[in-house]
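Trainee: Could you have a look at this structure, given as structure tokens, before my questions?
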Amino acid sequence: MTETVRAIIYDLHSHTQASDGVLSARDLVLRACERGVKVLAITDHDTTAAIEDAQTAIREENLDLTLVTGVEISTLWENHEIHIVGLGFDPHHPAMVELLQQQYQRREYRAAMIAERLAKAGIADALNGARQEAGAGQITRAHFARYLIQQGKAETMAQVFKNYLARGKTGYVPAQWCTLPTAVEAIHQAGGVAVVAHPARYQLSTKWLKRLLAYFAEVGGDAMEVAQCQQAPNERQQLAKYALDYGLSASLGSDFHQPCAWIELGRKLWLPKDVVPIWEKFPALAAPTRG
Ligand code: AMP
Ligand code: MN
Ligand code: MN
Ligand code: MN
């Protein structure tokens, strides 16, 4: 053989300006193409608003890119905020539309509460500031973070979360997100696949992480993210083992929010050999075969 076979690059977790990503849907799909991604899911926080623009851009620019519909739903499980990614569903299905409408209300309510708390701590006008950062997009803590940096309250995102927005800090307000099974059910009703996002990022002990995955599988969840572009050594192998242990297929994604030195669309996204790739178990998510 003279030719090496290159695996198709899937990136099934990314963000646009429709939530806390920095790029427009058009710029995101163009960038994904430049990076060699063949199948991309846009998974904005509790919104599917970018999907139509992304599809339009792919068509207009005639890009060799398959877009999988996506969303990242914030849920509450045992007092932990767990993110559930939905893939390959109908964004217009009433069950999904209704859930995302509720999540929108929860975000709006929490944003007002965050601003109130920050005001009491002497930081004025944070709701307007964050909203300006969000533009037409769904409001998130990342927008508050950018406003606080702009106000000189911190220098980096990590710092601003640590000092103001993380659990227990001045600007932290616990959100009343939907439950985990509610998210799984809405995704299923809309014809999609439910995935635990970035399982290693919840700061759960091994015991609790296993509990989460067992519960997720028990309520009908389908898959978990195994590969991200930035992971601790051995993390990918460990997550692959959990995927096998709990009968979940394996997904992967950069969780790209903005151009930066460490996280890039499609970068280092491969799955360990023994897991079941999500697109094999659910062929609707697979790259189209060429004839
Ligand atoms: P929310 O869903 O509104 O609670 O916002 C959470 C978002 O803030 C996440 O999706 C990340 O994009 C961002 N975020 C959370 N923690 C950090 C952190 N420590 N550093 C930078 N960004 C963060
Ligand atoms: Mn985010
Ligand atoms: Mn997330
Ligand atoms: Mn994400």
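The values are calculated or read from the model by the stated rules, or taken from the named source; none is laboratory data. Every value quoted in this text rests on a predicted model; they were computed, and no experiment measured them. Because the Cβ atoms are built from the backbone with ideal geometry, glycine has one as well, and the counts that use them run over all protein chains shown.
Trainee: Looking at (1) among the polar types (S, T, N, Q); (2) in a helix (DSSP H, G or I); (3) in contact (Cβ under 8 Å) with a residue 12 or more places away in the chain, which is the one condition that is false for Gln159?
Mentor: Every condition holds for Gln159 apart from (3).
Matching residues to (1) basic (Lys, Arg); (2) under 30 Å from Gly137 (Cα atoms):
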| residue | (1), (2) |
| --- | --- |
| Val226 | no, yes |
| Tyr242 | no, no |
| Phe256 | no, yes |
| Glu264 | no, yes |
| Lys273 | yes, no |
| Glu280 | no, no |
| Ala287 | no, yes |
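Trainee: Ok, one more. Among the numbered criteria (1) of a type in the set (A, V, I, L, M); (2) within 16 Å of ligand 3 (Cβ to nearest atom); (3) within 22 Å of Ala41 (Cα to Cα), which single criterion is violated by Leu212?
Mentor: Unmet for Leu212, out of (1) of a type in the set (A, V, I, L, M); (2) within 16 Å of ligand 3 (Cβ to nearest atom); (3) within 22 Å of Ala41 (Cα to Cα): (3).
Trainee: Quick one: which helices (runs of 4 or more DSSP H) sit completely within region 164-274 and have at least 1 residues that are without any contact (Cβ under 8 Å) to a residue 60 or more places away in the chain and surrounded by fewer than 16 Cβ atoms within 10 Å (Cβ to Cβ)?
Mentor: 206-218, 235-245
Trainee: Does region 110-121 include one or more residues that are closer than 22 Å to Pro181 by Cβ and touching a residue at least 24 places away in the same chain (Cβ under 8 Å)?
Mentor: The answer is yes, given that some residue of region 110-121 is closer than 22 Å to Pro181 by Cβ and touching a residue at least 24 places away in the same chain (Cβ under 8 Å).
Trainee: Separate question: Tell me which residues, restricted to region 189-209, are within 16 Å of ligand 3 (Cβ to nearest atom) and within 15 Å of the chain's Cα centre (by Cα).
Mentor: Answer for region 189-209, where residues must be within 16 Å of ligand 3 (Cβ to nearest atom) and within 15 Å of the chain's Cα centre (by Cα): Ala194, Val195, Val196, Ala197, His198, Pro199, Ala200, Arg201, Tyr202.
Trainee: Select from region 133-156 the residues that are of a type in the set (Lys, Arg) and not in a loop (DSSP other than H, G, I, E, B) and list them in ascending order.
Mentor: Correct list: Arg141, Arg146.
Trainee: Name every residue in region 32-48 that is part of a strand (DSSP E or B) and away from ligand 2 (no atom under 12 Å from the Cβ), in order of residue number.
Mentor: Val37, Lys38, Val39, Leu40, Ala41 - these are the residues of region 32-48 that are part of a strand (DSSP E or B) and away from ligand 2 (no atom under 12 Å from the Cβ).
Trainee: Do we have any residue at all in region 281-289 that's polar (S, T, N, Q) and either at pLDDT 95 or above or within 16 Å of ligand 1 (Cβ to nearest atom) (or both)?
Mentor: No; the residues of region 281-289 include none that is polar (S, T, N, Q) and either at pLDDT 95 or above or within 16 Å of ligand 1 (Cβ to nearest atom) (or both).
Trainee: So, one more: Please go through region 4-31 and pick out each residue that is buried (at least 17 other Cβ atoms within 10 Å of the Cβ) and assigned to a loop (DSSP other than H, G, I, E, B).
Mentor: Leu12, His13, His15, Thr16, Gln17, Ala18, Ser19, Asp20, Gly21, Leu23, listed by residue number.
Trainee: Within region 133-141, does at least one residue satisfy the condition of being farther than 21 Å from Phe256 by Cβ and surrounded by 14 or more Cβ atoms within 10 Å (Cβ to Cβ)?
Mentor: Checked against the condition, which is being farther than 21 Å from Phe256 by Cβ and surrounded by 14 or more Cβ atoms within 10 Å (Cβ to Cβ), region 133-141 yields no hits at all.
Trainee: Return a yes/no flag: does region 264-276 have any residue that is within 16 Å of ligand 1 (Cβ to nearest atom) and of a type in the set (A, V, I, L, M).
Mentor: Within region 264-276, one or more residues are within 16 Å of ligand 1 (Cβ to nearest atom) and of a type in the set (A, V, I, L, M).
Trainee: Look at region 258-283 and say how many of its residues are touching a Leu at 6+ places or on another chain (Cβ under 9 Å) and closer than 18 Å to Asp27 by Cβ.
Mentor: 4
Trainee: If only one of Val184, Val196 is modelled with pLDDT of 95 or more, within 15 Å of ligand 4 (Cβ to nearest atom) and closer than 17 Å to Gly86 by Cα, which one is it?
Mentor: Answer to the check: Val196.
Trainee: Regarding Ala126, is this residue touching a Leu at 6+ places or on another chain (Cβ under 7 Å) and either under 14 Å from Val71 (Cα atoms) or surrounded by 14 or more Cβ atoms within 10 Å (Cβ to Cβ) (or both)?
Mentor: So Ala126 passes the test.
Table: residues versus (1) within 16 Å of ligand 4 (Cβ to nearest atom); (2) within 28 Å of Thr182 (Cβ to Cβ).
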site	(1), (2)
Tyr202	yes, yes
Ala227	yes, yes
Gln238	no, no
Ser254	yes, yes
Gln258	yes, no
Ala284	no, yes
Ala287	no, no
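Trainee: Take Ser74 and decide whether it is within 16 Å of ligand 1 (Cβ to nearest atom) and outside any loop (DSSP other than H, G, I, E, B).
Mentor: Considered against the rule, which asks whether it is within 16 Å of ligand 1 (Cβ to nearest atom) and outside any loop (DSSP other than H, G, I, E, B), Ser74 comes out as yes.
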